[in-house]
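Values in this text are rule-based calculations from the coordinates and carry no lab data. Note that the structure is a prediction, hence the values are computed from the model and not measured. Heads up, the Cβs are rebuilt from the backbone with ideal geometry, glycines too, and the neighbour counts pull from every protein chain shown.
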Amino acid sequence: MTKQSLSFLGLLRKGGNLVIGKAVDGIIPKASLIILADDAGEAEKKAILDKTSYYHKTVIGDVDKATLGHALGYPSLSCVALMQANAAKKILDDESRKKGSTL
């Protein structure tokens, strides 16, 4: 993930528009975007990916637990959910620009 996206996650957390950690599992039907760390546990990945597939939610990765946690003031985090559609769009746009510039 880009530094800009990680900083934006910090702002979303302060605004109360981010669900963090194990609470994500119960909020997936209402979430706009799920960010799942690449090094999350296999059982957690499977549970999150199964639910996001069922509810047709977008999941992005490209971040490790330590980086995601540091951006939000935790030692490590494996999963976060964005609740605002506009915020999710901004993160997705930033990430697609990053991928486009590396080709």
Next item on the list: Return the long-range amide H neighbours of CYS79 (sequence gap of 5 or more, or a different chain), with a cut-off of under 5 Å between placed amide H atoms.
Entry: GLY21, ALA37
Check: Can you work out ³J(HN,Hα) from phi for every residue in the stretch 80-87, in order, using Karplus 6.51 cos²θ - 1.76 cosθ + 1.60 and θ = phi - 60°, giving whole Hz and x for Gly and Pro?
Finding: 9, 10, 8, 9, 9, 5, 5, 5
Notebook entry, point to check: So how compact is the chain: Cα radius of gyration and Dmax in angstrom?
Noted result: 12.6, 37
Next item on the list: Compute the label zone of GLN84 within the stretch 33-75: residues whose backbone N is under 16 Å from the point 7 Å along Cα-to-Cβ.
Entry: 33-34
Next item on the list: At 7 Å along the Cα-to-beta-carbon direction for both ASP64 and LEU11, put a label point, then send me their distance in nm to one decimal.
Entry: 2.7
